[in-house]
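One structure is given below, encoded as structure tokens.
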Amino acid sequence: MRFARNIILCFLVTFPFWGMSQASPRELSPETRALISAQIEHLKNWYPVKNAEKQTAPPLLHIPASKNDLRDLLRSSQTAFPLVKEDLVLDILDVYVSDYYEDCAYLLSVADLQYTLSSEIFQSENIPSELMYLALVKSGMNPEFTSSAGALGTWQFMYSTGRLYKLRIDEYVDERREISRSSQAAAQMLHDLYRLYKDWSMAITAYSCGPGNVNKAIRKAGTSDFESIYPYLPSPERDLYPSFLAIHLLIQHPTDFGVEPAVINYPTDVDTVYVDEDLHLGQVAEVVGLDENLLCQLNPVYPKHIVPGAKEAALPMCLPLGKAADFLELKDSVYAYKDSLFFNLKPEVVEDESEPVKAEPYRPGNGFVAVDYTIKSGDNMGYISEWFDINMSEIRYWNGIHGNSIRAGQKLIVYVPESKQAYYSAVDKLSFQQKQAREGKLVEAKKKVEPAKEELKPGTYVVYTVKSGDNPWKIAKQYPGVSDQDILRWNSIDPKGLRPGQKLKIKKVSGK
């Protein structure tokens, strides 16, 4: 009898979504489907999920009977987040509850865990706490996941972005891997992006695609409406926001999909001790009698499983609740246990103090190579960052540059994906016009004449006061639809003619 009931329940769960997926063609690109598949794999590979316990499905399920029912549920569930591309959202939801129905139990349990760990962090930034579920879409909440582009951790921070938001990233400590700390940085970044775009669909899309790509799409579409800029955004990153809406709906209404969260035996309450000399997590596990895999999961911030403590800078180590006393009692034994074995890969310390050795900046990980670029006359940091698709902060850090001051003839090193080494190596040999053409900006050959002045009538322009460090490119970025060449033409100046306090006329763009 029980077997028959389970057969009926399985039919009730799968049939409505089978019918939904057959009713109309899916909008999902193969890249987005692959991204969802990878997300589920990363989710299941995370240590707490591997050890989760599946729940028994409730005996009575309420399943939406059609795509229209789901559409009504979606529309009634929206709060701070604009509803866009309904069909795409429902198609993504269909993939989860049809293709990965069994795995949705794990997804819901990890969502509960994320709420416990991060909800207060997002509330403290005065932004919707539901934004914490973006981590499920980005990485399946797996703090060890590294993308092909080099983004790492639960929130998939690139090295430069992590540094920008004050995350410590070096050989032994990588706070992108630590859930609470990286969630704090993500909340700050999302807050900054919302202040810029005043719309959560745009802020979340900028988090995924990058503000540069979003601004380019706005210029091409002539509007900042998500539906309009969508075709101009890179795939599959542009589907982060629709995926977030789908996941959000599933988390809000799990019983409507017949999904019961799995049970994750992951200690959210932990003891914290501070380590003031180098310590390997394996030493702690063997002497105190702990599961080393669990200990590493509680301390993902240490990628080599080494806590690089020092007397002047003790670092925290998380232990299962109640184990701090055991560690402190056995502390001397822990530090001495097989230290030569656990630290046989530590770099040698050079004791020659006659000449201090300058520490090299941290480099990106595997998959990146260095290429050279010689600064040309007329170059600036903004141009170079665009040509190499990197942030200016990365250029500064890799080359020991302070501020934006560079000079013609100066040699730069930039790190680029190994798969695109030939593409970026060619930049050094291209003319300015060719480099700008790569960015979709057509530039006429340089002439030794002043740009023609376009007379702007009163009421058709706004006035901008030049600040220290400004250049035409930087100013143009603040006005969607306006280029640096427009600013030069409207004010009859050359790029080197700017000075702080100067008043510039910026033509109002239609619809702005």
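Restricting attention to the stretch 116-133 and to residues that are in contact with a His (Cβ under 7 Å, 6 or more places away or on another chain) and in a helix (DSSP H, G or I), the residue that is least open to solvent (accessible area, probe 1.4 Å) turns out to be Tyr133.
Kindly indicate the residue of the stretch 390-418 that is without any contact (Cβ under 8 Å) to a residue 24 or more places away in the chain and within 20 Å of the chain's Cα centre (by Cα) and also farthest from Glu439 (Cα to Cα) among those meeting that condition. So the residue we want is Ile395. Can we say Leu88 is open to solvent by less than 50 Å² (accessible area, probe 1.4 Å), outside any loop (DSSP other than H, G, I, E, B), touching a residue at least 40 places away in the same chain (Cβ under 8 Å) and within 28 Å of Met189 (Cα to Cα)? It is true that Leu88 is open to solvent by less than 50 Å² (accessible area, probe 1.4 Å), outside any loop (DSSP other than H, G, I, E, B), touching a residue at least 40 places away in the same chain (Cβ under 8 Å) and within 28 Å of Met189 (Cα to Cα). Scanning the stretch 462-493 for residues that are touching a strand residue (DSSP E or B) at 6+ places or on another chain (Cβ under 9 Å), surrounded by fewer than 16 Cβ atoms within 10 Å (Cβ to Cβ) and closer than 19 Å to Ala217 by Cβ yields a single hit, Gln478.
Determine if the stretch 42-64 includes at least one residue that is modelled with pLDDT under 90, closer than 17 Å to Glu260 by Cα, among the aromatic types (Phe, Trp, Tyr) and out of contact with any Leu (no Cβ under 9 Å at 6 or more places or on another chain). Looking through the stretch 42-64, none of the residues is modelled with pLDDT under 90, closer than 17 Å to Glu260 by Cα, among the aromatic types (Phe, Trp, Tyr) and out of contact with any Leu (no Cβ under 9 Å at 6 or more places or on another chain).
Checked against (1) open to solvent by 40 Å² or more (accessible area, probe 1.4 Å); (2) within 10 Å of the chain's Cα centre (by Cα), Leu164 passes all but a single condition, namely (2). Of all the residues in the stretch 393-431, those that are within 14 Å of Phe368 (Cβ to Cβ) and polar (S, T, N, Q) number 3. Of the candidates Asp170, Asp174, the single residue that is within 30 Å of Asn399 (Cα to Cα) and surrounded by 23 or more Cβ atoms within 10 Å (Cβ to Cβ) is Asp174.
Considering the conditions (1) touching a Phe, Trp or Tyr at 6+ places or on another chain (Cβ under 7 Å); (2) not in a helix (DSSP H, G or I); (3) not aromatic (Phe, Trp, Tyr), Val287 is excluded by exactly one of them, (2). What is the number of the single condition among (1) farther than 29 Å from Met392 by Cβ; (2) assigned to a loop (DSSP other than H, G, I, E, B) that Tyr274 does not meet? It fails just one condition, (2).
Considering the stretch 198-209, and only residues there that are in contact (Cβ under 8 Å) with a residue 24 or more places away in the chain and surrounded by 18 or more Cβ atoms within 10 Å (Cβ to Cβ), the residue that is nearest to Ala80 (Cα to Cα) turns out to be Trp200. In the stretch 127-143, the count of residues that are over 25 Å from Ala52 (Cα atoms) and not small (Gly, Ala, Ser) is one or more. If the condition is being open to solvent by less than 30 Å² (accessible area, probe 1.4 Å) and aromatic (Phe, Trp, Tyr), then the stretch 229-264 contributes Tyr230, Tyr241, Phe244, Phe257. Mind checking whether some residue in the stretch 77-84 is β-branched (Val, Ile, Thr), surrounded by fewer than 16 Cβ atoms within 10 Å (Cβ to Cβ) and outside any helix (DSSP H, G or I)? The answer is yes, given that some residue of the stretch 77-84 is β-branched (Val, Ile, Thr), surrounded by fewer than 16 Cβ atoms within 10 Å (Cβ to Cβ) and outside any helix (DSSP H, G or I).
The listed residues are Leu107, Leu113, and the only one of them that is in a helix (DSSP H, G or I) and open to solvent by 10 Å² or more (accessible area, probe 1.4 Å) turns out to be Leu113. Of note, Ala452 does not satisfy the criterion of being modelled with pLDDT under 80, closer than 24 Å to Glu386 by Cα and either touching a His at 6+ places or on another chain (Cβ under 6 Å) or exposed (fewer than 10 other Cβ atoms within 10 Å of the Cβ) (or both). Got a number for residues in the stretch 179-211 being over 14 Å from the mean Cα position of the chain (by Cα) and either assigned to a loop (DSSP other than H, G, I, E, B) or not aromatic (Phe, Trp, Tyr) (or both)? Looking only at that region, the number is 7.
The values are calculated or read from the model by the stated rules, or taken from the named source; none is laboratory data. Note that this is a predicted model, so its numbers are computed, not measured. Neighbour counts run over all protein chains shown; Cβ positions are idealised from the backbone, glycine included. With ligands, DNA and RNA removed, areas are computed over all heavy atoms of the protein, side chains included. Shrake-Rupley method; radii C 1.70, N 1.55, O 1.52, S 1.80 Å.
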